[in-house]
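The values are calculated or read from the model by the stated rules, or taken from the named source; none is laboratory data. All values derive from a computational prediction rather than experimental measurement. Because the Cβ atoms are built from the backbone with ideal geometry, glycine has one as well, and the counts that use them run over all protein chains shown. Note: areas computed on protein heavy atoms with side chains; ligands, DNA, RNA excluded. Shrake-Rupley method; radii C 1.70, N 1.55, O 1.52, S 1.80 Å.
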Amino acid sequence: MKVLNLIIKQVYFDQIIAGTKTQEFREVKPTTVKKYIELDENGFEVEDEYHNAIPIKYDAIQFYVGYNKDRDSALVEVKDAYTEMFVDENDEVITYQYDGQDWIAEQVVYNLGKVLEKNIHSK
């Protein structure tokens, strides 16, 4: 099973456990692109036929609340994932420069499924 490890806030963790938060969003940045997006042999994003980046396929997300040793955690199924590009008020794709390279502002959307495991610490 391929698992993505993510840190989240308690409020969002509680919503995921309750089943009321069914999507997790992560902005793709130059420093995190390798974690979220499929890359070709030259380090460029692999795109689908609509020029959207293809997310790395994860079977589950291991959510951790904060960084403490005795934190809550849960393993949650990922049903599927896709990317969305950010657009401005004119519906133009937002781009920016990082380290001399052009980047598209985008995020990965993970559609969450069942809570497979949970480890809740009493407060």
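Points to keep in mind about this one:
- Residue match in the range 82-100 (condition: under 23 Å from TYR58 (Cα atoms), among the polar types (S, T, N, Q), at pLDDT 95 or above and in contact with an Asp or Glu (Cβ under 9 Å, 6 or more places away or on another chain)): yes
- Qualifying residue in the range 93-102 (condition: open to solvent by 60 Å² or more (accessible area, probe 1.4 Å) and on the phi > 0 side of the Ramachandran plot): yes
- The residues in the range 1-38 that are more than 16 Å from GLN107 (Cβ to Cβ) and either open to solvent by less than 60 Å² (accessible area, probe 1.4 Å) or over 16 Å from the mean Cα position of the chain (by Cα) (or both) can be counted, and the count is 13.
- Top-ranked residue in the range 50-70 [being among the charged types (D, E, K, R) and modelled with pLDDT of 95 or more; ranked as least open to solvent (accessible area, probe 1.4 Å)]: ASP59
- Output for the range 6-28, where each listed residue is more than 16 Å from LYS114 (Cα to Cα) and either in contact (Cβ under 8 Å) with a residue 60 or more places away in the chain or part of a strand (DSSP E or B) (or both): LEU6, ILE7, ILE8, GLN10, PHE25, ARG26, GLU27, VAL28
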